[in-house]
Structures are given as C-alpha cells and as structure tokens.
Amino acid sequence: MTLTTHEATPGSHGVVGVIKDSFTEAGRHLRIIPRNIEVLIFATIQPVMFVLLFSFVFGGEIEIPGFDNYDQYLMPGIFAQTVVFGSAFTSIGIAEDLSKGFIDRLRSLPIAQSSVLIGRTISDLLRNVITFITMLVVALLLGFRFEGSLLGALGATALLLFFSYGLSWVQALIGLSVSSVEAANSAGFIWMFPITFVSSAFIATDTLPSWLQRPADWNPFTQVTNAARALYNGNPPGDSVLISIAWAVGMIVVFAFLATRKFNAASD
C-alpha cells in the first residue's frame with residue numbers, strides 16, 4: 001500500500017514519537033550551522049552594534065530614574081530585542097525549505113507531520129541561546145552586572161527565551177503564508193521594529209509622547225523587558241513576569257494551532 005501523509009505511521013504514534021521526530025528534525029537544522037556560520041555571525045553582530053550605539057553614543061545623554069548606570073537599564077532591553085529578532089530565523093527557514101521543495105519531501109516520510117514545525121522552532125530556540133550567550137559576554141565586558149540573585153538572572157534569561165519561542169510560532173505561520181524567502185525576510189522583521197522601539201527597551205515609556213505611552217505600556221515586549229530588567233537588577237518584577245508568561249503561552253497555543261493547521265492544509 002502506498003504511504004501518504006494522511007496515513008498513520010509508526011513514527012507518528014503518540015507523544016514519544018512526536019518528541020523523537022521533532023528532535024531529529026531540530027538536529028538537522030542545527031547541523032547546518034557549522035556549514036553556514038556566517039549567518040549566525042551576522043545575526044550576532046547586529047545586537048552588538050545596538051549595544052555599542054546606545055551605550056557609547058546615546059548612553060551619556062540618557063538618564064533613567066533609579067539607574068545610576070544606563071547599561072543596567074539598557075542591557076536587558078538589548079537582550080530582549082536580540083531574542084525577538086532571532087525568532088525571525090523561523091519564518092525565513094521555513095520559507096527557504098518550502099522554496100527548495102524540502103518540506104514536500106518531509107511530508108512523504110513516515111514521521112509525525114507536526115514535528116517539522118516543532119523541530120524548526122526548537123532549533124531556532126537553541127540558535128537564540130548561542131546568540132544570547134555571546135551578547136551576555138559583550139554586556140559583561142561593558143560593565144553590566146547581575147545585581148540580583150543568580151536564580152533571578154536565570155529566571156530572566158529563561159523568560160526571554162520562552163517569550164522568543166512563542167514568537168517563533170508567529171514566525172512559523174508567516175513563513176508558511178508567504179511565497180518567497182525575500183517576502184519572509186520582510187514580513188518577519190517589519191512588525192518587530194515598532195514593538196521593540198515603542199517600548200521600555202531603551203528609554204522609560206513616560207518620556208514618550210502622551211499618545212504613545214499607553215500602547216508602549218501595553219506592549220508585550222515592554223512587559224517581558226520590564227520583567228527581565230527587574231530580575232537582573234534584583235528589583236520586584238510585579239505582575240510583569242506573569243503577564244509575559246501569559247503572552248508567551250498564548251502565542252504558542254494560538255499560533256502553533258494556526259501554523260499546524262496551515263501546514264496540514266497545504267498537504268491536502
């Protein structure tokens with residue numbers, strides 16, 4: 001009997017099968033990194049440039065109440081921006097696999113079909129970890145310090161990466177919806193600039209024009225940045241941690257459903 005994507009297969013049975021297939025797919029993407037290392041290098045250079053620009057060019061002119069050192073305010077915002085921009089690899093990677101016909105070949109294999117998207121998002125999360133570690137080293141060299149507890153710093157880092165994983169599912173839907181890699185690159189990045197700059201990442205939101213302050217405060221990127229900044233600096237995070245987790249969970253649930261549905265519909 002001919003195997004089709006709609007038939008049950010051993011690789012697609014149960015949670016264990018999905019997990020195994022997902023990590024196999026993630027491993028495929030990670031093995032590509034050493035052969036295309038310049039992509040990772042340039043993805044790291046961009047946030048380093050933001051650090052140098054804001055720290056050395058604008059840092060002397062920006063004063064934040066409650067922060068004697070602007071770097072202690074800035075770096076958590078740069079960390080958040082880095083992992084958010086890193087999620088764009090998902091849309092670009094999916095669009096590239098679609099354009100090369102690779103996903104069509106994956107659909108014909110006896111694997112759990114959802115593992116194609118899960119594996120992609122996991123691999124991009126791990127890629128984000130590599131970029132984040134590089135950014136952290138740069139920040140420490142510039143004088144940034146964990147003024148809170150080590151547990152708080154680990155919690156802040158985990159929160160940022162979890163939030164970026166939620167955004168990866170948004171990017172997965174974008175990658176499945178566009179017609180080319182170029183379109184995925186544009187569509188994946190264009191909306192990230194307003195959410196990262198109309199936020200508390202670089203300046204306090206109360207310095208923005210009055211009509212922008214409320215959108216900036218409601219911005220989920222502001223919430224996750226505030227939560228990470230408080231945890232890194234040993235300050236009470238208030239309800240920003242729970243709000244950030246709620247946003248991340250919501251994005252994963254909603255966009256994983258939409259992306260998986262679109263992926264399956266394309267194979268019909």
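The values are calculated or read from the model by the stated rules, or taken from the named source; none is laboratory data. Computed from a predicted structure; not experimentally measured. Here Cβ is always computed from backbone atoms with ideal geometry, including for glycine, and neighbour counts include all displayed protein chains.
Could you say whether any residue in the stretch 117-125 is in a helix (DSSP H, G or I), small (G, A, S), at pLDDT 90 or above and buried (at least 18 other Cβ atoms within 10 Å of the Cβ)?
yes
Among the residues of the stretch 85-105, the ones that are touching a residue at least 12 places away in the same chain (Cβ under 8 Å) and either crowded, with 21+ Cβ neighbours inside 10 Å or among the hydrophobic types (A, V, I, L, M, F, W, C) (or both) come to 13 in all. With respect to (1) surrounded by 16 or more Cβ atoms within 10 Å (Cβ to Cβ); (2) over 19 Å from the mean Cα position of the chain (by Cα); (3) of a type outside the set (D, E), the lone exception for L52 is condition (1). Residue pairs whose Cβ atoms lie under 8 Å apart, separated by 6 or more positions or on different chains, with the first residue in the stretch 213-242 and at positive phi and free of Cβ contacts under 8 Å to residues at least 40 places away in the same chain and the second of a type in the set (A, V, I, L, M, F, W, C) and surrounded by fewer than 22 Cβ atoms within 10 Å (Cβ to Cβ), are G238/A230.
In this entry, F197 is excluded by the filter for residues that are closer than 29 Å to S55 by Cα, aromatic (F, W, Y) and surrounded by 20 or more Cβ atoms within 10 Å (Cβ to Cβ). Just one residue in the set F146, F163, F132 is closer than 22 Å to I245 by Cα, surrounded by 23 or more Cβ atoms within 10 Å (Cβ to Cβ), of a type in the set (F, W, Y) and touching a residue at least 40 places away in the same chain (Cβ under 8 Å); that residue is F163.
Residues of the stretch 190-205 that are assigned to a helix (DSSP H, G or I) and in contact (Cβ under 8 Å) with a residue 24 or more places away in the chain: M192, I195, T196.
Considering only residues in the stretch 1-47 that are among the hydroxyl-bearing types (S, T, Y) and at pLDDT below 75, the one that is nearest to F85 (Cα to Cα) turns out to be T44. For the stretch 170-211, filtering for residues that are under 26 Å from K100 (Cα atoms) and of a type in the set (D, E, K, R) leaves 1.
The test for being touching a residue at least 12 places away in the same chain (Cβ under 8 Å), in contact with a helix residue (DSSP H, G or I) (Cβ under 6 Å, 6 or more places away or on another chain) and aliphatic (A, V, I, L, M) does not hold for L208.
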